[in-house]
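Worksheet: one structure, shown below.
The values are calculated or read from the model by the stated rules, or taken from the named source; none is laboratory data. Source: prediction; values computed, not measured. Don't worry about glycine lacking a Cβ; one is built from the backbone with ideal geometry, like all the others, and counts go over all protein chains shown.
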Amino acid sequence: MFLSNVITMDLRRVRNFVVLAEILNFRKAAERLHMAQPPLSVSIQKLEAELGTKLFTRSSSGVALTPSGCAALAEARRLLFHNDQFVDLARTAAQGTGGNLRVGFVGSCSFGMLQKLVPLFRAEYPGVELTLQEATSMGILQQIESDELDIGLVRTPLIKSTGALLVPLERDEFMAAIPRGNPLAAKPELSLSEMSNEAFVMYTRGYAAGLHSAAMLACQHAGFVPRVTQEATQVQTVLAMVESGLGVALVPSVMWRFSSQKIGYRKLLRLPEVASIGIALAYRPGMESGAAQRFRRVAERECSGGGSVAITDSGRKELRR
C-alpha cells in the first residue's frame with residue numbers, strides 16, 4: 001500500500017517520516033531536519049492521511065511506531081535511496097561524469113586509436129560506462145543519426161552527406177600490402193605504378209565507399225585502373241585475402257601492426273593528396289550527451305585536430321572551428 005501511493009506523495013514528507021521514525025522524538029527530529037516542530041507534526045499528519053493509516057502513536061511517554069509504521073519504514077528508506085540514486089544519475093549524466101556512452105568504431109581503430117583513447121577516458125571519467133560497437137563508417141553515421149550511437153570513430157574520406165560533424169583526429173596514408181611470394185614484396189619501397197599489373201583486393205563500394213574512392217583515385221593518378229579480383233568491407237578482411245595470396249591491396253599505414261609472416265608492407269612513393277585518408281570523430285551537433293562531449297574533448301586533446309568538418313549534400317567538406 002505504501003509504495004502504491006508514494007508516487008503522489010511529497011518526498012519531503014517521506015524523508016520527515018524516516019527521520020522521526022529513527023529518532024522517535026519530534027523536537028530532535030525537527031532539529032535534524034532544520035525545521036520547526038509544528039510543521040513536522042503537520043507533515044506527518046498529512047502523510048498519515050494520504051496513506052489512510054497511523055504511522056506513530058503519541059503519548060505522554062513519547063512517540064512510537066505503529067505496526068503500519070514499522071512495515072513502511074524499510075520501504076520508505078528504499079524509496080529515498082532510489083530517489084537519491086535517480087537524482088545522482090541524472091546529474092552525473094548531464095555533467096558527463098556518469099551514464100552510458102555508446103561509441104561506434106571502424107575496425108582499423110583497434111590498431112592504435114582505441115587503445116589510446118579508451119584508457120585515458122576511463123581514467124578521467126570512471127563513472128561513465130562505455131559501450132563499444134564495431135561497424136563500417138557509413139553504418140556508424142546512420143546509427144548516430146538514428147540515436148543508436150552517441151559518437152563514432154570513422155574512416156575518412158566520406159563521400160555521402162551526413163548530419164553529423166567530423167572532428168579530424170588522425171591523418172594517415174595508404175601503404176601497399178603484398179603477399180610474401182610476390183616479387184614486389186622484395187622491394188623496400190614502391191611507386192604505385194609498379195603495382196599496375198597486379199590483381200587487387202578492393203574495398204566494397206557500397207559499404208566502404210570512402211576507402212574505395214580514395215584507393216581508386218590513387219591508382220588513377222598513378223596512371224592505371226586497378227584490376228579488382230576480390231572485394232571486402234573491412235580492412236582486416238582485405239588483409240586476410242592478401243594473406244591468402246588473392247591479390248595486393250592499399251591499406252591504411254596503421255595496419256602494419258597487423259603482423260603476418262605472409263604479408264609484406266611497403267611504403268608508397270609520391271602518393272597524391274587526393275588519396276589522403278584518416279580517422280575522424282563523428283557526432284551530432286546539438287544532440288551530444290555530457291559524456292559524448294567529454295569523450296570528444298579528450299580525443300581533440302590527445303589527437304591532432306583541426307576543427308569540425310561538415311559533409312554537405314554535394315560531398316564537399318566545410319571546416320568549422
> Out of curiosity, is Ala64 assigned to a helix (DSSP H, G or I), modelled with pLDDT of 85 or more and within 23 Å of Gln37 (Cβ to Cβ)?
Replying inline: no
>> Can you report the number of residues in region 216-249 which are assigned to a loop (DSSP other than H, G, I, E, B) and either closer than 16 Å to Leu269 by Cα or not assigned by TED's automatic domain parsing to the domain that holds Val201 (or both)?
In response: 3
>> Within region 80-94, does at least one residue satisfy the condition of being modelled with pLDDT of 85 or more and surrounded by fewer than 17 Cβ atoms within 10 Å (Cβ to Cβ)?
In response: no
> Gly98 fails exactly one of the following numbered conditions: (1) in contact with a Leu (Cβ under 9 Å, 6 or more places away or on another chain); (2) surrounded by 17 or more Cβ atoms within 10 Å (Cβ to Cβ); (3) at pLDDT 85 or above. What is the number of that condition?
Replying inline: (3)
> Looking at Ser161, is it surrounded by fewer than 15 Cβ atoms within 10 Å (Cβ to Cβ), in contact with a strand residue (DSSP E or B) (Cβ under 6 Å, 6 or more places away or on another chain), in contact (Cβ under 8 Å) with a residue 60 or more places away in the chain and not assigned by TED's automatic domain parsing to the domain that holds Arg270?
Replying inline: yes
>> So, in region 255-299, exactly how many residues are modelled with pLDDT under 90, of a type in the set (Ser, Thr, Tyr) and crowded, with 17+ Cβ neighbours inside 10 Å?
In response: 1
> Can you tell me which of Ser196, Ser146 is among the hydroxyl-bearing types (Ser, Thr, Tyr), at pLDDT 95 or above and out of contact with any His (no Cβ under 8 Å at 6 or more places or on another chain)?
Replying inline: Ser196
